[in-house]
Amino acid sequence: MTAGEKAEIDTIGGRTHQTVEPLTNYFIGRVQRDFNEGKTILGGIFTGTNRDLDENLGSLMHKSGLLRRN
């Protein structure tokens, strides 16, 4: 898990604070099974990402993602 980060942005009209990195949770999992005394291996990897997006980053990043590989 990574914390969200905000930046102070100076503009001609003043200063604003905007999220530049959202609070994000990452998940990684791996499973593996050996058959035939290790001559055959079956496995897979699963990864996931979930972000807490605000209105500024909602159009720039995906809220979640999942990848499965066999």
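The values are calculated or read from the model by the stated rules, or taken from the named source; none is laboratory data. Only a predicted model underlies this, so the values are computations on that prediction, with no experimental measurement involved. We place every Cβ from the backbone using ideal geometry, glycine too, and count neighbours over all the protein chains shown. Note: areas computed on protein heavy atoms with side chains; ligands, DNA, RNA excluded. Shrake-Rupley method; radii C 1.70, N 1.55, O 1.52, S 1.80 Å.
When restricted to residues that are more than 18 Å from THR2 (Cβ to Cβ) and either assigned to a loop (DSSP other than H, G, I, E, B) or modelled with pLDDT of 80 or more (or both), region 59-70 contains 2. Is there a residue in region 12-21 that is in a loop (DSSP other than H, G, I, E, B), surrounded by 13 or more Cβ atoms within 10 Å (Cβ to Cβ), in contact (Cβ under 8 Å) with a residue 24 or more places away in the chain and at negative phi? No, region 12-21 contains no residue that is in a loop (DSSP other than H, G, I, E, B), surrounded by 13 or more Cβ atoms within 10 Å (Cβ to Cβ), in contact (Cβ under 8 Å) with a residue 24 or more places away in the chain and at negative phi.
Of a type in the set (D, E, K, R), open to solvent by less than 70 Å² (accessible area, probe 1.4 Å) and in contact with a strand residue (DSSP E or B) (Cβ under 7 Å, 6 or more places away or on another chain), is that true of ARG33? Answer is no for this residue.
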